[in-house]
Every structure is written in C-alpha cells, then in structure tokens.
Amino acid sequence: MRKNELDDVDLQIINALQIEPRVSWTSLSTIIGLDSLTLARRWDRIVAHGLAWPVAMLYDFRSNSVAIVEVECRPGEVLTTAQRASQDPAISSIDLTSGMRDIVMTLKAKDDDELADFILNRLGKLPGVRSIRTYILNSTLKLGSEWTLRALSTSQAERVPRYRPPRSAAAKIVPTPTASKIVSLLERNVRMTKTELAGSLGISQQRVGDSIATMRMQGMLDLRVHVSQNYSNWPVVSWYFLQVPSISLLNTDNSWLSMPELQFAAVTFGQYNLIVALTARSKSDTLRLEAELERKLKGACVVDRSIVIRVYKHLGHLLDASGCATGEIVGLVRP
C-alpha cells in the first residue's frame with residue numbers, strides 16, 4: 001500500500017474513532033478483527049501521513065457567535081488570502097471553492113462583540129479580498145461531528161463503546177483553566193492517555209478522567225476525528241445555499257437531516273436562510289443529492305452551489321494541497 005492511501009480497514013478504524021475518539025484498541029480489536037497492536041500501528045501511520053486528524057474543542061454555550069463567510073478574491077490572490085486567514089484562531093475552517101465564491105470560511109467568535117469587530121474591521125484587512133458576504137448563524141442543525149464515513153456495518157458501529165459518564169463523586173464543575181489546559185493537550189493528541197495527561201497537568205489520573213467525562217457530559221468538550229476527503233470513500237464535498245420557507249425549517253419532521261451525505265447544516269441570517277455541506281461518492285452524484293435535498297425539504301430551492309476545490313484549514317488544522325494535515329495547528333483554544 002502506498003503511504004497516502006486508505007484501505008477498507010483504515011476507513012473502519014477512522015469510522016470507529018469518529019464514533020468514540022478515545023476508545024481503546026483492545027475494544028476495537030474484536031469489532032474490526034485485528035489485534036490492538038496492528039490497529040495502533042495503522043492509526044499511527046494514518047496520522048503521520050495526515051490522512052486523518054483528531055480535533056478537540058472547548059465550547060462555551062453562553063456564546064453562539066458563529067458565521068459563515070463567503071470571500072471573493074482578486075485574480076491570482078486566493079492562496080494569499082487563505083494563508084493570511086489561516087493564521088487567525090477565530091477562523092476555524094477555510095474551503096477553497098468554485099462558483100460565485102473563492103473561499104468559504106467558518107468564523108467562531110467569543111461573543112457577539114468580537115464577531116461584529118471581526119466582520120466590520122478585520123475581514124476587510126485580509127489581503128487580496130474583493131468582496132465579502134457574511135451569514136451569521138441562527139441555529140446549527142447538524143455538525144460535522146455527527147457525520148461519519150459509514151465504513152463500519154451497522155452492527156459494528158453499535159458495538160463501539162461510548163464514553164462513560166463521570167463518577168457520582170466527581171466534581172460537577174471543571175475550572176476553566178483546567179478545562180483549557182486539557183483541551184490544549186487533547187488538541188494535539190486526542191488519544192493521549194490519562195497517565196500522560198496527568199503528568200503534563202500535575203494532577204491525578206482520577207481527576208483527569210473525571211474532568212474529561214464531566215466536560216463531555218456537559219457538552220463543553222467536543223472530540224472529533226476528521227479524514228482527508230480526497231482519500232476517503234466520500235471524496236467530493238459541496239456547499240449548497242438555499243431559500244427555504246420558514247415553516248419547513250420549523251417543521252418537526254427533520255428526516256432530511258438523516259441523509260448520510262449531509263455533513264453540516266445551519267439556519268442563517270442573510271441572502272440564504274439555509275446553508276449545508278454535502279459529501280458525495282463522485283461529482284456525478286451531486287445532482288442527485290441536490291434533488292434529494294430539495295425533495296426531502298418541502299419548498300426548498302437550492303439558489304447556488306459550490307464544490308470544494310481544496311480544504312486549506314479544517315478546525316484549526318492546516319492542510320496541504322493534497323488535502324492531508326501538515327501537522328501545523330492554529331489552536332482553537334484561546335484565552
């Protein structure tokens with residue numbers, strides 16, 4: 001196998017870690033059918049070559065200041081704009097796209113004041129920018145963490161152990177400094193052991209385990225594993241910009257959200273009131289998926305669409321031209 005390839009077993013490993021990023025190799029060995037050392041060795045190769053990368057994020061539910069930003073660049077300056085934008089921790093993801101927009105980026109601010117400052121002042125100072133359109137998120141209907149490769153069978157996926165809730169004796173609140181330090185370490189290696197974390201933090205393994213479990217149960221800690229789309233079984237990603245009757249978005253029948261190809265969906269303020277990202281097996285399949293989306297979502301009309309040419313940054317991780325993680329991370333944890 002060439003180093004930049006993922007076979008069926010690799011995809012199953014990644015799929016299992018998408019379900020539970022910190023699951024033990026011993027637990028997975030009986031599900032995938034390989035010994036724990038082989039699974040660990042395969043994962044190390046996958047990460048070393050940037051074919052997949054784990055992500056750890058700290059959420060503050062007091063804030064919902066997120067925006068999707070479309071950027072049009074002057075000819076020949078897209079990469080210059082993307083490079084400068086990639087160094088800003090507030091810009092979590094950057095897609096280089098076709099169509100009416102050169103870049104689709106996701107902006108996550110600490111609060112509405114920072115979001116306003118970013119939109120009104122900082123975005124316009126990026127080099128090479130010709131025009132900007134901003135869509136502030138009203139609500140997120142599906143996150144990327146809910147999308148998986150589906151390389152495992154249904155029975156295999158159901159057998160992957162989920163994380164355990166905290167002990168009844170565990171502290172109910174994790175201090176912010178401790179939470180930030182834990183996430184900063186997991187951001188580099190989401191599978192870091194409790195022993196390694198305890199040594200770096202100077203606290204007991206029990207407290208580390210309790211803190212992680214409490215943060216995950218409370219929704220403060222989001223752990224994910226993402227894959228290079230170029231080497232996955234879903235190599236095509238497209239953004240769709242829709243106008244949808246409000247009654248359809250308020251409808252309790254959200255069966256369209258269960259589309260396996262649906263990676264992200266958010267209700268927004270702007271020219272379009274729904275923006276989604278869909279994955280596909282091939283470019284030729286995107287038209288069928290677009291039609292299916294419109295059929296499932298009553299009254300929806302796809303007004304515009306763009307295919308992702310290259311992912312430049314994904315949740316803090318910088319990617320190379322082939323779509324593999326470089327190892328450089330512009331941290332998402334900010335003081």
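What the table below lists for this structure:
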| item | result |
| --- | --- |
| Near pairs, Cβ below 8 angstrom, 6+ apart or cross-chain, from the stretch 139-156 (over 21 Å from residue 220 (Cβ atoms)) to any residue that is open to solvent by less than 30 Å² (accessible area, probe 1.4 Å) and in a loop (DSSP other than H, G, I, E, B) | 149/232; 149/234; 152/160 |
| Residue 308 vs. criteria within 16 Å of the chain's Cα centre (by Cα) and assigned to a strand (DSSP E or B) | yes |
| Check on residue 143, surrounded by 15 or more Cβ atoms within 10 Å (Cβ to Cβ), at pLDDT below 95 and under 24 Å from the mean Cα position of the chain (by Cα) | no |
| Enumeration of residues in the stretch 140-155 that are in a helix (DSSP H, G or I) and farther than 18 Å from residue 234 by Cβ | 155 |
| Residue list for the stretch 263-277, restricted to those being among the aliphatic types (A, V, I, L, M) and either in contact with a Phe, Trp or Tyr (Cβ under 7 Å, 6 or more places away or on another chain) or in a helix (DSSP H, G or I) (or both) | 275, 276, 277 |
| Number of the exception - residue 148 against (1) buried (at least 21 other Cβ atoms within 10 Å of the Cβ); (2) in contact with a helix residue (DSSP H, G or I) (Cβ under 6 Å, 6 or more places away or on another chain) | (1) |
| Positions within the stretch 110-128 being without any contact (Cβ under 8 Å) to a residue 12 or more places away in the chain and closer than 13 Å to residue 67 by Cβ, in sequence order | 116, 117, 120 |
| Test for residue 253: is it at pLDDT below 95 and part of a strand (DSSP E or B) | no |
| Residue check, residue 154 surrounded by 15 or more Cβ atoms within 10 Å (Cβ to Cβ) and not hydrophobic (A, V, I, L, M, F, W, C) | no |
| Output for the stretch 290-305, where each listed residue is open to solvent by 50 Å² or more (accessible area, probe 1.4 Å), touching a helix residue (DSSP H, G or I) at 6+ places or on another chain (Cβ under 8 Å) and either assigned to a loop (DSSP other than H, G, I, E, B) or at pLDDT 95 or above (or both) | 298, 299, 301, 305 |
| Long-range neighbours under 8 Å by Cβ, at least six apart or interchain, first residue in contact (Cβ under 8 Å) with a residue 60 or more places away in the chain within the stretch 19-30, second assigned to a loop (DSSP other than H, G, I, E, B) and aromatic (Phe, Trp, Tyr) | 20/163; 22/163 |
| Every residue from the stretch 252-272 that is without any contact (Cβ under 8 Å) to a residue 60 or more places away in the chain and surrounded by 15 or more Cβ atoms within 10 Å (Cβ to Cβ) | 256, 259, 261 |
| Residue within the stretch 114-127 that is open to solvent by 10 Å² or more (accessible area, probe 1.4 Å), touching a helix residue (DSSP H, G or I) at 6+ places or on another chain (Cβ under 6 Å) and closer than 30 Å to residue 258 by Cα present | no |
| Filtered residue count, the stretch 165-187, keeping only those that are of a type in the set (Lys, Arg) and touching a Gly at 6+ places or on another chain (Cβ under 9 Å) | 1 |
| Test set (1) touching a residue at least 12 places away in the same chain (Cβ under 8 Å); (2) open to solvent by 40 Å² or more (accessible area, probe 1.4 Å); (3) assigned to a helix (DSSP H, G or I); (4) within 26 Å of residue 84 (Cα to Cα) - residue 132 fails condition number | (3) |
| Scan of the stretch 218-255 for residues that are closer than 23 Å to residue 190 by Cα and acidic (Asp, Glu), ordered by number | 222 |
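The values are calculated or read from the model by the stated rules, or taken from the named source; none is laboratory data. Here the structure is a predicted model, which is why all the values come from computation and not from measurement. Cβ atoms come from the backbone with ideal geometry, glycine included; neighbour counts cover every protein chain shown. Side chains are part of the model used for accessible areas, which takes the heavy atoms of the whole protein and leaves out ligands, DNA and RNA. Shrake-Rupley method; radii C 1.70, N 1.55, O 1.52, S 1.80 Å.
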